[in-house]
Amino acid sequence: MEEPGMVVHPDTFQMQLRELKRHFDLVSLSDWLDARDRGEQLPKRACAVTFDDGWQDNYQYALPILESERVPATLFAVAEKIGTDFQFWPNIVAGLLAEGYGQRLAQHPTLAQVMTELDLSRAVLDRERVAKCIGTLKKLTDSEIFAALESLEWRRLCGEALGTALMSWNQLKSMQASGWVTIGSHTCSHQRLTQALSENALEQEIVESKRILQQNLGKPVDLFCFPNGDYDPRALNLVREHYRAAVTTRRGINRAGRINNHELTRIGIHDDITHTARLFSARLSGWV
Ligand SMILES: [Zn+2]
């Protein structure tokens with residue numbers, strides 16, 4: 001069960017890598033940073049591929065394609081959730097809606113505070129409405145949402161349909177060992193790093209995730225990715241202190257001379273809007 005607008009079919013992904021290779025120099029983000037630090041000449045049009053979270057299907061489908069196309073990538077892993085049966089709350093919500101539990105969601109006392117105007121009955125559910133529901137819930141904190149979902153006993157209602165989301169440590173290690181994938185941190189638990197977190201919790205998410213990944217992977221981890229692209233000055237400062245670079249979900253191209261290492265922009269892609277070469281290049285050009 002995927003959150004709308006988040007997946008790419010393996011065939012699409014392969015086509016996209018081939019298209020990218022025609023127009024860009026595909027670089028590993030960390031090699032590019034190294035080269036820049038050494039003052040080397042950088043490619044005119046460099047492009048770095050990134051993956052967020054550590055989904056098992058990245059291992060299953062994306063890794064063989066990265067290898068066969070010889071394209072480097074960075075994968076930002078949720079450190080404490082790798083190798084567990086963790087589910088991201090937007091996927092739980094999508095799963096509950098697909099199974100017809102929209103009314104139960106909408107009537108939960110915590111969720112009801114923000115979900116007043118959405119009709120979530122099964123008959124009217126389309127991708128847009130699912131996405132809108134997820135967007136609306138973001139007014140609550142991650143822990144409020146998880147507490148509500150736990151009390152609804154989501155595992156019993158839709159756990160089976162969701163399957164396993166994240167890869168195992170061995171799979172993550174295999175990604176790294178392939179030589180094509182650099183692992184970065186995407187926090188410990190994927191909480192949004194905004195005001196709602198205490199200083200301690202923030203420190204845990206940013207600093208402890210790095211330690212866990214380094215310990216398990218046996219390599220330095222110095223790249224970071226903000227969950228949901230959210231951060232405030234407090235989070236940004238801590239990330240600056242502990243990482244050499246960080247990526248956001250803000251859309252855009254990082255232009256020479258104006259690159260902010262800890263607020264790198266990206267261009268998100270998903271199958272609906274990028275499944276042909278023409279759509280893909282329109283997306284990259286900023287037309288869609
Ligand atoms: Zn994420």
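Coordinate-derived values only; no laboratory data. Remember, predicted model here, so these are calculated numbers, not experimental data. Positions of Cβ are generated from backbone atoms using ideal geometry, with glycine treated the same way; all protein chains shown enter the neighbour counts.
Residue separation times 0.36 nm, minus the C-alpha to C-alpha distance between D232 and Q60: what's the value?
The D232-Q60 span can extend by a further 58.5 nm.
Have a look at L137, I92, P233 and report the one farthest towards the positive end of the charge dipole of the chain, computed about the Cα centre with Cβ charges (Lys/Arg +1, Asp/Glu -1).
P233
Taking the Cα centre of the stretch 1-150 as the origin, how large is its charge dipole in debye, to the nearest 20, when only Lys and Arg (+1) and Asp and Glu (-1) carry charge on their Cβ atoms?
Computed about the Cα centre, the dipole is about 440 debye.
Considering the chain as a Gaussian network with a 10 Å cut-off on Cα pairs, which listed residue, S198, S178, S30, attains the greatest mean-square fluctuation?
S198
Can you give the FRET efficiency to the nearest 0.05 for R156 and I267, using r as the Cβ-Cβ distance and R₀ = 45 Å?
Using R0 = 45 Å, I get an efficiency of 0.70.
Per residue of the stretch 219-225, in order, report the coupling 6.51 cos²θ - 1.76 cosθ + 1.60 (Karplus, θ = phi - 60°) as ³J(HN,Hα) in whole Hz, putting x for Gly and Pro.
Computed from phi, the couplings for the stretch 219-225 are 9, x, 10, 9, 10, 9, 9 Hz.
Say the dipole of the chain comes from +1 at the beta carbon of Lys and Arg and -1 at that of Asp and Glu; which of C47, L166, F13 then lies farthest toward its positive end?
In the chain, that residue is C47.
For the stretch 1-35 and the stretch 89-112, compute the distance between their C-alpha centroids and round to whole Å.
32
For each pair in K138/K210; K173/K219; K81/K210, compute the distance between the two Cα atoms and list the pairs where it is over 18 Å.
Over 18 Å Cα-Cα: K138/K210.
Would you list, by chain and number, the lysines whose Cα falls below 19 Å from the Cα of K44, excluding same-chain residues fewer than 8 positions away?
Result set, ordered by chain and number: K21.
Given Cα positions, please report Rg to Rh for the chain, the hydrodynamic radius being the Kirkwood one.
Dividing the radius of gyration by the Kirkwood radius yields 0.96.
Quick check for me: using +1 on Lys/Arg Cβ and -1 on Asp/Glu Cβ, what's the dipole size of the chain about its Cα centre, in debye to the nearest 20?
Magnitude of the dipole: close to 920 debye.
Normalized C-alpha radius of gyration of the stretch 154-288, against 2.2 N^0.38 Å?
Here the Cα radius of gyration is 1.21 times the empirical estimate.
Before rounding to the nearest 500, sum -39500 (n - 2.57) across all DSSP H runs of length at least 4 in the chain and divide by the residue total; then give [θ] at 222 nm in deg cm²/dmol.
That calculation yields -11000 deg cm²/dmol at 222 nm.
Can you tell me the dipole magnitude for the stretch 89-162 around its Cα centre, using point charges on the Cβ only (Lys, Arg +1; Asp, Glu -1), in Debye to the nearest 20?
For this selection, approximately 80 debye.
What do you get for Rg/Rh of the stretch 1-158 when both radii come from the Cα atoms and Rh is the Kirkwood radius?
My calculation puts Rg/Rh at 1.09.
On the Cα set of the stretch 89-162, report Rg and Dmax in Å, please.
In order Rg, Dmax, the Cα atoms of the stretch 89-162 give 10.9, 30 Å.
Between V124 and T276, what FRET efficiency comes out of the Förster formula 1/(1 + (r/R0)^6) with R0 = 25 Å and r the beta carbon distance, rounded to 0.05?
0.25
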